[in-house]
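The values are calculated or read from the model by the stated rules, or taken from the named source; none is laboratory data. Model, not experiment: these values are computed from the prediction. FYI the Cβ positions are ideal-geometry reconstructions off the backbone, even for glycines, and counts take in every protein chain you see.
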Amino acid sequence: MEEVKKYIEENKQRFLDELFGLIRIPSISSISDHKPDMIKAAEYWKKSILEAGADKAVVMPTAGNPVVYGEKIIDPALPTVLVYGHYDVMPVDPLDLWNTDPFEPVIKDDIIWARGADDDKGQAFMHAKAFEALVKTNNLPCNVKFMIEGEEEVGSVNLGKFCDDNKEMLKADVILVSDTGMLAPDMPSITTGLRGLSYWEVEVTGPNRDLHSGLFGGAVANPINVLAKMIADTMDDKGRITIPGFYDDVIEVTADERALMAKAPFDVEEYKKAIDVEELQGEEGFSTMERTGIRPTFDICGIWGGYTGEGAKTVLPSKAYAKISTRLVPNQDNHKISDMFKAYFEGIAPKSVKVKVTPLHGGQGYVCPIDIPAYKAAEKAYMDVYKVQPVPVRSGGSIPIISTFEDKLGLKSVLMGFGLEADAIHSPNENFPLEQFYNGIETLTHFYKHYVEIMK
């Protein structure tokens with residue numbers, strides 16, 4: 001691998017220049033005016049994959065933004081790794097909070113500052129360059145395929161059908177993804193689980209119009225009061241969700257895996273200090289890291305109703321609203337949970353109000369076993385570069401398309417993330433340390449080596 005490492009070292013600046021070319025394309029998938037930029041970014045990826053050494057790369061249309069597919073098949077008898085990434089990025093608002101132009105990458109303090117520097121242009125581009133380093137030094141040990149989409153930030157709404165329509169083309173042994181993070185620059189971690197998601201909007205209606213609180217208060221149900229009580233009744237004093245059957249499908253994490261997770265460095269006092277709270281709360285019997293990684297949660301993401309303007313207005317409102325979400329753990333079906341919550345919440349409503357629950361969106365959770373060959377290969381790869389055994393971590397976030405891959409393609413995904421908490425993804429001043437970019441490239445080259453050796 002010394003030859004590969006030397007190639008990376010000699011081409012560092014070019015790798016960076018090429019990444020900057022991709023970053024400069026404002027490929028914001030949620031804003032329709034940027035549709036031409038989505039095409040431009042897809043074409044850029046096609047060119048990058050071909051120049052890296054792929055035998056084939058094409059831009060394939062979908063009902064939304066195109067998918068870039070590329071491949072290099074050196075021997076059909078060898079294992080095949082399918083690399084997934086996305087070229088779309090989040091909007092940059094609020095622009096006035098950026099210290100630099102979000103689409104003109106700047107290096108300051110050995111850090112790349114730009115939208116997409118980490119999520120996911122920087123991390124996905126590491127795969128193109130790792131692939132190139134292996135190809136150009138004649139060290140590629142297996143077949144590689146690329147699937148780079150342009151709608152991850154808007155829910156990957158067309159990628160499931162793309163997988164259905166191209167199952168033969170996408171045949172592989174494992175999917176490799178870099179769209180997550182690690183604990184610290186000196187403490188690598190592998191994301192072994194992603195939580196699912198269910199999300200609803202609730203509307204509670206009382207009287208047919210706003211009423212004078214003096215004349216009607218105490219006699220007519222106040223929708224805000226009712227909604228607040230219904231929400232409070234959905235969680236008990238031990239932090240458990242009271243919806244009947246909610247925990248039925250939750251798979252308990254083994255003591256061994258909980259012990260491995262506990263090795264991750266975590267300072268509860270620093271955590272509280274960072275978010276300026278005196279005390280934490282959550283489900284009884286679980287640590288803070290476990291509450292955000294391996295347990296389901298119930299949260300009110302927004303609540304409103306009545307008069308909220310300046311000064312006083314003594315009104316009993318006609319309506320109250322809330323946005324409610326649950327984060328789900330693997331094996332909890334988001335469709336089942338969505339129906340379960342709707343039935344429960346509408347069922348506990350008093351007859352003094354009418355309650356309407358509208359499901360908005362959701363996604364399945366995902367878990368990667370820590371004993372599969374690809375995980376073991378990733379573990380060895382991190383140890384080669386970072387000299388520390390990576391810690392398995394269950395993420396509190398959701399990437400629904402990962403569970404879709406398992407459902408549609410029958411493939412497990414290994415999440416080799418290199419982002420850091422300080423990278424501010426989705427926020428102003430997104431960034432990515434140069435060291436992580438280059439270390440990521442090298443680590444990925446080692447993954448292929450170890451994966452093929454384990455698969456023999």
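For the reader, a short list of remarks on this structure follows.
- Check on Pro369, surrounded by fewer than 18 Cβ atoms within 10 Å (Cβ to Cβ), closer than 25 Å to Pro296 by Cβ and touching a residue at least 12 places away in the same chain (Cβ under 8 Å): yes
- For Val385: the one exception among (1) of a type in the set (A, V, I, L, M, F, W, C); (2) modelled with pLDDT of 95 or more; (3) assigned to a helix (DSSP H, G or I); (4) surrounded by 23 or more Cβ atoms within 10 Å (Cβ to Cβ): (4)
- If you go through region 293-323 and keep only what is of a type in the set (Lys, Arg) and either under 21 Å from the mean Cα position of the chain (by Cα) or in a loop (DSSP other than H, G, I, E, B) (or both), you end up with Arg295, Lys313, Lys323.
- Residue match in region 128-135 (condition: within 23 Å of the chain's Cα centre (by Cα) and not small (Gly, Ala, Ser)): yes
- From Glu421, Glu442, Glu430, Glu406, residue being buried (at least 19 other Cβ atoms within 10 Å of the Cβ) and under 18 Å from the mean Cα position of the chain (by Cα): Glu430
- Unique match (being assigned by TED's automatic domain parsing to the domain that holds Val385, in contact with a Pro (Cβ under 8 Å, 6 or more places away or on another chain), under 25 Å from Val385 (Cβ atoms) and at pLDDT 95 or above) among Phe15, Phe20: Phe20
- Number of the exception - Ala343 against (1) under 24 Å from Gly193 (Cβ atoms); (2) among the hydrophobic types (A, V, I, L, M, F, W, C); (3) surrounded by fewer than 21 Cβ atoms within 10 Å (Cβ to Cβ): (1)
- Output for region 250-282, where each listed residue is out of contact with any helix residue (DSSP H, G or I) (no Cβ under 6 Å at 6 or more places or on another chain), surrounded by 12 or more Cβ atoms within 10 Å (Cβ to Cβ) and touching a residue at least 40 places away in the same chain (Cβ under 8 Å): Val250, Ile251, Val253, Glu257, Leu260, Met261, Lys263, Ala264
Each row is one residue, and each column tells you yes or no for (1) surrounded by fewer than 23 Cβ atoms within 10 Å (Cβ to Cβ); (2) within 19 Å of Phe418 (Cα to Cα); (3) modelled with pLDDT under 95.
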| residue | (1), (2), (3) |
| --- | --- |
| Asp88 | no, yes, no |
| Val92 | yes, no, no |
| Trp98 | yes, no, no |
| Val106 | yes, no, no |
| Gly122 | no, yes, no |
| Met126 | no, yes, no |
| Val144 | no, no, no |
| Asn158 | yes, no, no |
| Lys167 | yes, no, no |
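- Meets criteria (hydrophobic (A, V, I, L, M, F, W, C), surrounded by fewer than 17 Cβ atoms within 10 Å (Cβ to Cβ) and modelled with pLDDT of 95 or more) for Leu78: yes
- Residue ID - surrounded by the most Cβ atoms within 10 Å (Cβ to Cβ), chosen from residues in region 188-211 that are of a type outside the set (D, E, K, R) and out of contact with any strand residue (DSSP E or B) (no Cβ under 7 Å at 6 or more places or on another chain): Pro188
- Flag set for Ala63, criterion: exposed (fewer than 14 other Cβ atoms within 10 Å of the Cβ), among the hydrophobic types (A, V, I, L, M, F, W, C) and farther than 30 Å from Ile454 by Cβ.
- Residues of region 405-429 that turn out to be farther than 20 Å from Tyr375 by Cβ and assigned to a helix (DSSP H, G or I), as a count: 4
- Filtering region 324-359 to residues that are within 31 Å of the chain's Cα centre (by Cα) and β-branched (Val, Ile, Thr) leaves Ile324, Thr326, Val329, Ile337, Val357, Thr358.
- Criterion violated by Asp299 - all others in (1) among the acidic types (Asp, Glu); (2) modelled with pLDDT of 95 or more; (3) under 25 Å from Pro392 (Cα atoms) satisfied: (3)
- Qualifying residue in region 108-116 (condition: in the same structural domain as Asn429 (by TED's automatic domain parsing), within 27 Å of Val174 (Cβ to Cβ) and not β-branched (Val, Ile, Thr)): yes
- Hits in region 283-292 - residues which are in a loop (DSSP other than H, G, I, E, B) and either more than 21 Å from Tyr366 (Cβ to Cβ) or in contact (Cβ under 8 Å) with a residue 12 or more places away in the chain (or both): Glu283, Glu284, Gly285, Ser287, Thr292
- The combined condition, being at pLDDT 95 or above, assigned by TED's automatic domain parsing to the domain that holds Gly155 and crowded, with 18+ Cβ neighbours inside 10 Å, is not fulfilled by Ile39.
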